[in-house]
Amino acid sequence: MAKLTTEESWFKDDSGNVIGTVLLDKTDNDWSWVALGRDERGSFRAVEMNASLIDQDIAEKALLAKVTELESSGAKVFP
């Protein structure tokens, strides 16, 4: 099985309630990110994402802004 994406970097908020990763899509050589928050059972679930970004730096900055925004919301659970 071919691996179509690779995880290139990870981020988390100070509380550990929100994490995120930046991915390289090997098929079309662009970047994406996904932010994950804890659900009611404490498992991480995708809460925000973006794709088709032109480079890793743009993806990392966007993800970091989203992780910061989610942390600032005060939410601890993301149903």
All positions within region 23-39 that are among the acidic types (Asp, Glu), free of Cβ contacts under 8 Å to residues at least 40 places away in the same chain and loosely packed, with under 15 Cβ neighbours inside 10 Å
Asp28
Which of the strands (runs of 3 or more DSSP E) found entirely inside the chain contain at least 1 residues meeting this: modelled with pLDDT under 95, of a type in the set (S, T, N, Q) and more than 13 Å from the chain's Cα centre (by Cα)?
5-12
Scan of region 33-52 for residues that are under 20 Å from Glu69 (Cβ atoms) and touching an Asp or Glu at 6+ places or on another chain (Cβ under 6 Å), ordered by number:
Ala35, Arg45
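The values are calculated or read from the model by the stated rules, or taken from the named source; none is laboratory data. Since we're looking at a predicted model, the values are computed, not measured. Methodologically, a virtual Cβ is constructed for each residue, glycine included, from the backbone with ideal geometry; neighbour enumeration extends over all protein chains shown.
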